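The values are calculated or read from the model by the stated rules, or taken from the named source; none is laboratory data. Being a predicted model, the structure only gives us computed values, none of them experimental. Positions of Cβ are generated from backbone atoms using ideal geometry, with glycine treated the same way; all protein chains shown enter the neighbour counts. The protein model used for the area step is the full one, side chains on, heavy atoms only, and it has no ligands, DNA or RNA in it. Shrake-Rupley method; radii C 1.70, N 1.55, O 1.52, S 1.80 Å.
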Amino acid sequence: WGEWHTYPSDNLMASTTVMASVLQAYQDAFKVTPTHVSIDAITYDGLTYNYKIGVHSDDYQDTACVPSEGLLMGRLQDGKQTELWKTQVIGGEAYPDVQKTFFDSASKANKVIDCNKQSHLTWLLYDGLFTSATLTGRETYGIQSDNNLGYQFHLISVSVSGDSIVAEVNNTGSAPFYYDLFINVDINGNSFKSSNNLKGHLPGVVTSYSIPIQASSGNLQLSVSLVSDHVIRTIRWATEGTDSKGSVSAFVSYSQDTNDIQVETSSTTTSIVNLSSPQRTQFSLGARSSVSLVMLLFSLYSIL
């Protein structure tokens, strides 16, 4: 956890030359794993911040997205980094002095949740939820806040184009997925992966992903899921009807002679299945849902 300061002994802080060398070293060393540093780095006098490294704010509170407060959003604007979230992780820590009252009212909770979305947070540290005396509504608001962090992929529809399955996906969350992520279609035990990557799929954007398949003629059952080599738990669709393994199922009738696939619903046979409405993946405070992305997020430490 890099605080990026030596307060109250500011004279011991590393020079901007050393800061730049540390940031460059991390950028050069980590080509896959997302890294992040204290937001202090992007507004530090004399340091030009142009690195592929995310930031975290250790004074996140219900006014964090009020630019005039000089907190997260204000500092992102001052450092000309308001678009950084599109490629790098943004995170935060609930400011320790306000943790006891962080979610003690609907008004404060709604401000935090709105700021989660505006700042495109992927993670938020709030230790006070577990160590402080429980206040009415704190658990409910904490879960609501958690549910508005990071990505949420909704599978809108599954259709057919030639010898490929086409999945239409919307990210209904607050941030993209920062690792390689693909759609997997399982057909009678055989797996086929999308040719395009969901990494960087921005919130509110609907994108079609093509999954080339090979199958024999007949009735087939599709199981559509999300897969990544960097995730140790199941990634679930944020779509109503997703099963415990994170998959959405559909039955198809496939003919090699016509190279045509038809998707069967309960009443008709058609080339497209429109799936259920999006459903935010819910978490409990005791054990986080399997949709969680386990990122190895490295902070930078000041070198004196």
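Summary table below
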quantity: Whole-number percent relative contact order across segment 75-219, with pairs defined as alpha carbons under 8 Å at least 6 apart; calculated: 20
quantity: Portion, in percent, of the accessible area of segment 4-114 that falls on carbon or sulfur, probe 1.4 Å; calculated: 48
quantity: Point-to-point label distance, SER191-MET13, nm (Cα→Cβ direction, 7 Å offset); calculated: 4.8
quantity: Highest average packing first - 78-84, 61-67, 149-155, Cβ atoms within 10 Å; calculated: 149-155, 61-67, 78-84
